Amino acid sequence: MGEQCLERDIEKYLVARCKELGILCEKFTSPQRRSVPDRILTYDGIILFLELKATGKKPSAAQNRDHANREAHGARVRWVDSKDGVDRVLRLITQCLRGPD
């Protein structure tokens with residue numbers, strides 16, 4: 001099993017890795033709505049909403065509803081609970097989602 005991390009440690013890791021890779025990584029807050037994803041990642045025309053959790057934690061029911069609603073409107077939404085999860089999502093953004101040129 002991987003390293004146990006707090007959400008803030010995973011978020012710090014995400015921000016640092018995004019900076020290294022040239023991915024725009026913005027904090028996402030909404031005054032009118034709770035349960036929105038923590039971050040918006042933008043890279044080469046790809047926009048991804050990302051929810052961060054401490055290792056072993058999962059999104060709440062309200063967060064799952066928000067994610068499903070965004071996905072129903074065509075948005076890409078993921079959640080991670082580890083640094084390995086961050087790396088997988090960043091590989092997804094920089095390689096898989098781009099597709100052929």
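Pull up the DSSP beta bridges for region 8-101 and report the antiparallel fraction as a percent, rounded to 5.
65 percent
Relative contact order (percent) for the chain, with alpha-carbon contacts under 8 angstrom and 6 or more residues of separation?
29 percent
Which ³J(HN,Hα) values, rounded to whole Hz and listed in residue order, are derived for region 62-76 from phi using the Karplus coefficients 6.51, -1.76 and 1.60 in 6.51 cos²θ - 1.76 cosθ + 1.60 with θ = phi - 60°, glycine and proline given as x?
5, 5, 4, 5, 4, 4, 5, 5, 4, 5, 5, 9, x, 7, 9
Rounding to the nearest 20 debye, state how big the charge dipole of region 7-96 is about its Cα centre with +1 on each Lys and Arg Cβ and -1 on each Asp and Glu Cβ.
About 200 debye.
For labels at THR29 and ALA16 in the simple 7 Å Cα→Cβ model, what's the distance in nm?
2.4 nm
Tell me the Kirkwood hydrodynamic radius of region 7-96 in angstroms, computed as one over the mean inverse distance between distinct C-alpha pairs.
On the way: mean 1/r = 0.0758 Å⁻¹.
Computed over region 7-96, the radius equals 13.2 Å.
Please name which of SER82, ALA72, THR94 has its Cα lying farthest along the dipole of the chain towards the positive end, using unit charges on Cβ (Lys, Arg +1; Asp, Glu -1) and the Cα centre as origin.
Projecting each Cα onto the dipole axis, the largest value belongs to ALA72.
Using θ = phi - 60° and the Karplus form 6.51 cos²θ - 1.76 cosθ + 1.60, what ³J(HN,Hα) does each residue of region 31-46 get, whole Hz, x for Gly and Pro?
3J(HN,Hα) across region 31-46, in whole Hz: x, 8, 9, 8, 6, 7, x, 6, 9, 10, 9, 10, 7, 6, x, 9.
Using amide H atoms built 1.01 Å from N in the peptide plane, name the residues 5+ places from PHE28, or on other chains, whose amide H lies under 5 Å from its own.
Amide H to amide H, under 5 Å and 5 or more residues apart or across chains, PHE28 pairs with ARG39, ILE40.
Among ILE47, PHE28, VAL15, whose Cα sits farthest toward the positive end of the charge dipole of the chain (+1 at Cβ of Lys/Arg, -1 at Cβ of Asp/Glu, about the Cα centre)?
The one lying farthest along the dipole's positive direction is PHE28.
If you average the alpha carbon positions of region 1-23 and of region 26-101, how far apart do those two centres end up, in angstrom?
A separation of 13 Å, based on Cα centres.
Which order do peptides 22-31, 8-17, 59-68, 80-89 fall in by mean Cβ count within 10 Å, highest first?
Order by mean packing, descending: 80-89, 8-17, 59-68, 22-31.
Around TRP79, which amide H atoms from residues at least 5 apart in sequence, or from another chain, sit under 5 Å from its own amide H, with H modelled in the peptide plane?
GLU51
Once label points are set 7 Å from the Cα along Cα→Cβ at both GLU3 and ALA68, what is their separation, rounded to one decimal in nm?
In this crude label model, GLU3 to ALA68 measures out at 3.5 nm.
Computed from the coordinates by the stated procedures, all read-outs in this text should not be read as laboratory data. Being a predicted model, the structure only gives us computed values, none of them experimental. FYI the Cβ positions are ideal-geometry reconstructions off the backbone, even for glycines, and counts take in every protein chain you see.
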